[in-house]
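Notes follow the structure.
The values are calculated or read from the model by the stated rules, or taken from the named source; none is laboratory data. The structure displayed is predicted, hence computed values, not measured ones. Because the Cβ atoms are built from the backbone with ideal geometry, glycine has one as well, and the counts that use them run over all protein chains shown.
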Amino acid sequence: MEFKNPEFARLLLLIPLLILIHLFGSYLKRKRLSRFGDVHLMQLLMPLASKYRIRVKVAIVCLAVFFFVLALMQPRAGQVVAEVKSKGAEIIIALDVSNSMLATDFSPSRLERSKLAIARLVDELKRDRIGLIVFAGDAYVQLPVTSDYISAKSFLSAINTKIVSRQGTDMSKAIALAMKSFSSQSENSRALVMITDGENQEGNPVEMAEIARKDGITIHTVGIGSTEGSPIMLADGSMLKDRAGEIVMSRLDQNTLKLVAAAGGGTATVASLSDLGLNSILQSVKEMDKKELMSEEFQSYYEFFHIPLFAALLLIVLDALILERKNKFLHKLLTNGANPD
């Protein structure tokens, strides 16, 4: 269980404030009575007065405030899973997380700039579904295909170069994994966007792209990096060096990315410092044959605010029904008809 508006919890400070006001009022009342004589004697002269009823009423009011504040905080639990129909395409982003993506020719790094561009792309999506794959020497699904864009951005923020243990750049494994990750209902509405510097290639990504194209998957590539090369900054602030102690320069392999995009029936884009090129790819995706897709989404919570609100209203009514003075008729019965005056 959680609260939608937890900031209202500070209103619970009203409860100790109400208790302090009651105690201070009782003190002033006793002080005023003491001016007319002994307080105990004065209480005997007012048999219908009840200090216990006043305390009960204060307790009821405090409890009502508690439940009312609880209602304002809007307690909720779980989430409602709803099946949603939408007409759109399925897009899988395959992001290179090899060490070469730490190169700083794109500030603050190729990887961080790519994540920022993907987040902006997600903001532009409406009915399309998106998935995330990370790859280096191996490939893993970071987020299955979904229309939950909030989750997509959340999973995106957790991506780093340590998320895949085996280094290298094997685009073929990422393509093969993407082929398994698209839903069966998205035929002819599938797009794979690969963001990588294309360096240190393993496997045969061009051959795998041709197979994917036959399976109805259009592959777009986005090359990020410079052809001149850039050093790779490690987490400790040092530069990656080879066995000879020379600083490693990471360079963009445009040729491989063009071949993969051509085999996959898509476009090959080279990222610039101002634009990664994802917007133009998104326009191409929007022109695809859109299919009606079924997906399960976490849409809403079970709301429980009405329960404490009802309890608060019930306590307010109860407080109104309880009088500060004793009931004269009942008092006569309990005192065997004695005159209460």
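Before moving on, here are some points about what is shown:
- Scanning the range 236-260 for residues that are hydrophobic (A, V, I, L, M, F, W, C), surrounded by 15 or more Cβ atoms within 10 Å (Cβ to Cβ) and not in a strand (DSSP E or B) yields Leu240, Val248, Leu252, Leu257, Leu259, Val260.
- Only listed residue being touching a residue at least 24 places away in the same chain (Cβ under 8 Å) and under 21 Å from the mean Cα position of the chain (by Cα), chosen from Val61, Val134: Val134
- Residues of the range 136-164 classified as of a type in the set (A, V, I, L, M) and part of a loop (DSSP other than H, G, I, E, B), total: 4
- Note on the range 251-287: residues that are within 30 Å of the chain's Cα centre (by Cα) and in contact (Cβ under 8 Å) with a residue 12 or more places away in the chain amount to 12.
- Condition met for Val193 (closer than 24 Å to Lys258 by Cβ, assigned by TED's automatic domain parsing to the domain that holds Ala136, part of a helix (DSSP H, G or I) and at pLDDT 90 or above): no
- Among (1) more than 17 Å from Glu90 (Cα to Cα); (2) in contact with a strand residue (DSSP E or B) (Cβ under 6 Å, 6 or more places away or on another chain); (3) of a type in the set (Gly, Ala, Ser) - the single one Ser172 does not satisfy: (2)
- The set of residues in the range 180-235 being among the hydroxyl-bearing types (Ser, Thr, Tyr) and either surrounded by fewer than 16 Cβ atoms within 10 Å (Cβ to Cβ) or farther than 19 Å from Ser274 by Cα (or both) consists of Ser181, Ser183, Ser184, Ser186, Ser189, Thr218, Thr227.
- Wholly enclosed helices (runs of 4 or more DSSP H) of the range 1-103 bearing at least 2 residues modelled with pLDDT under 70, of a type outside the set (Gly, Ala, Ser) and at positive phi: none
- Within the range 122-131, restricting attention to residues that are aliphatic (A, V, I, L, M) and either surrounded by fewer than 21 Cβ atoms within 10 Å (Cβ to Cβ) or out of contact with any helix residue (DSSP H, G or I) (no Cβ under 6 Å at 6 or more places or on another chain) (or both), the residue that is nearest to Ile224 (Cα to Cα) is Val122.
- Residue list for the range 165-189, filter: at pLDDT below 90 and outside any loop (DSSP other than H, G, I, E, B): Thr169, Ser184, Gln185, Ser186
- Residues of the range 261-282 that turn out to be part of a strand (DSSP E or B) and in contact with an Asp or Glu (Cβ under 8 Å, 6 or more places away or on another chain), as a count: 0
- Residues in the range 161-191 that are hydroxyl-bearing (Ser, Thr, Tyr) and either under 11 Å from Ser98 (Cα atoms) or in contact with a His (Cβ under 6 Å, 6 or more places away or on another chain) (or both): 3 in all.
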